[in-house]
Structure formats: structure tokens, C-alpha cells
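Contents: one structure, followed by commentary.
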Amino acid sequence: MELKPAPEWHTTTWLNTAEPLSLERLRGRVVLLHAFQMLCPGCVARGLPQAQRVAELFNGAPVAVIGLHTVFEHHEAMGLQSLRAFLHEYRIRFPVGVDAPGLDGDPMPRTMRAYAMQGTPTTVIIDAHGRLRRQVFGVHDDLLLGAELGTMLVEAKRSAEAMATNSPASPPASAQCTDDGCTIA
């Protein structure tokens with residue numbers, strides 16, 4: 001599977017950060033982008049708490065947890081003032097961008113359209129090289145998400161080490177597997 005660069009975000013406002021964030025600015029870090037709406041029950045009950053746990057558990061690691069408030073319904077109820085109050089009440093401290101409205105009357109916000117999201121919550125994982133690695137509509141399994149983030153952190157570390165020594169990254173070891181288990185060959 002060929003890995004492609006993740007589409008850039010189109011936002012109108014950023015909250016919980018001093019300046020706007022871009023994928024280019026976050027290069028070198030694994031990015032967990034959590035697309036949500038504050039009136040989405042799955043986002044409030046499961047998606048946002050998961051993103052908060054990732055932000056806490058991976059604090060200090062090269063992982064950036066980013067929220068994307070992407071509104072495709074109930075626009076009047078989910079304005080910027082309401083979003084500020086929501087983030088405060090739910091103690092969401094990671095950066096949150098507000099998805100830009102669709103172009104030419106398109107009801108789907110621009111970043112949501114660029115990623116072909118089906119709705120909210122949507123979890124997007126972008127590797128340290130800015131490539132889209134995984135996108136899940138609905139709540140992502142905690143264990144699988146942790147494993148995916150851990151794998152990408154190891155990849156990022158190996159890549160950084162290879163760049164520091166100016167040599168190509170070592171290929172992964174091959175495995176010999178039987179019904180009893182796998183050994184490194």
C-alpha cells in the first residue's frame with residue numbers, strides 16, 4: 001500500500017493553542033486528529049474522552065493530539081462561543097481547530113470533505129512524515145489505537161536515528177512463524 005500525504009487542514013479558528021497548527025509544523029510527531037461535534041453523543045461519551053486519554057498517556061512523547069470541530073448539522077447551536085464553553089466544561093486542553101465551511105454552499109466542511117469523512121467521531125492517524133496511516137469512523141478501539149500509535153512512534157524513532165547517523169533505516173527483522181509462535185530470523 002502506497003502511503004500518501006495527509007490532506008492539509010482548512011480551519012477558521014484555533015483554540016487551546018497560541019498559533020494555528022499545520023501538518024508541516026507538526027512534522028516529526030505522530031498526529032492523532034479527532035474530528036468531532038459537541039452535540040454528537042458518540043463524540044462526547046467515547047471519542048473525546050479517548051482523545052483526552054491519549055493526550056495524557058502520551059504526554060512527553062512525540063504525539064500531537066488535535067481536535068477538529070467539524071460541524072455538518074445544527075450549525076446555529078454549535079458556534080464558536082458555545083464551543084469555547086464546551087471545551088472549558090469538558091476540560092479539553094489539547095488544540096482544537098474549527099473546520100472551515102464548505103466551498104460554494106457545500107454543506108460539508110472543507111477538512112471533512114478533504115478526508116472523505118463519513119461523520120463524527122472520526123479518528124485520523126498521521127505518521128511523523130505527514131502521511132495518512134489510518135482513519136476510523138466511529139469510536140476506535142483503545143487497544144488497537146494504542147498499538148498503532150506505539151508502532152508509529154517506533155518507526156519515527158528509527159527514522160530519526162537513521163537520519164542522525166546519515167544511514168538508511170534498518171529493515172525490519174523477518175520472522176519465522178509456526179503454530180507455536182514466531183521467532184526472529
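So if each residue of separation counts as 0.36 nm, and I subtract the Cα-Cα distance between D141 and N166, what length gain in nm does that give? Don't skip to the end; give the middle numbers.
Numbers: separation 25, 0.36 × 25 = 9.00 nm, distance 3.70 nm.
Full extension from D141 to N166 adds 5.3 nm.
Listing D106, D127 from the residue with the fewest other Cβ atoms within 10 Å to the one with the most, what is the order? Each step should come with its number before you reach the end.
Details: D106 12, D127 22.
The most exposed by this proxy come first: D106, D127.
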Angle check, please: helix 80-89 long axis (alpha carbons) against the longest principal axis of the chain (alpha carbons), in degrees 0 to 90, nearest 10. 60
Among beta bridges assigned by DSSP with both residues in the chain, the antiparallel ones amount in percent, to the nearest 5, to 65
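Given an 8 Å cut-off on Cα distances and at least 6 residues of separation, report the relative contact order of the chain as a percent.
Working: 290 pairs, mean separation 50.9, N = 185.
Worked out over the chain, it gives 27 percent.
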Could you work out which residue, out of A18, A45, A61, moves most in a Gaussian network model of the chain, that is, has the largest mean-square fluctuation with Cα springs under 10 Å? A18
What is the order of H88, H140, H10, H129, fewest Cβ neighbours within 10 Å to most? H88, H129, H10, H140
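Quick one: grab the alpha carbon gyration tensor of segment 91-140, order the square roots of its eigenvalues as a ≥ b ≥ c, and give me rounded if a/c is under 1.5, else prolate or oblate depending on whether a/b is larger than b/c. Walk me through the numbers before you get to the answer.
Numbers: a/c = 1.59, a/b = 1.35, b/c = 1.17.
Cα axes put segment 91-140 in the prolate bin.
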Magnitude of the Cβ-charge dipole of segment 11-184, K/R +1 and D/E -1, about the Cα centre, nearest 20 debye? 380
Hey, could you pull the Cα Rg and Dmax for the chain, both in Å? 18.1, 60
Angle, helix 48-57 long axis vs. longest principal axis of the chain, Cα atoms, 0 to 90°, nearest 10? 40
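All of the numbers you see were taken from the coordinates with simple rules; none came from a lab. A quick note: this is a predicted structure, and the numbers were derived from the prediction, not measured. Here the Cβ is made from the backbone with ideal geometry for all residues, glycine too, and neighbour counts use every protein chain on show.
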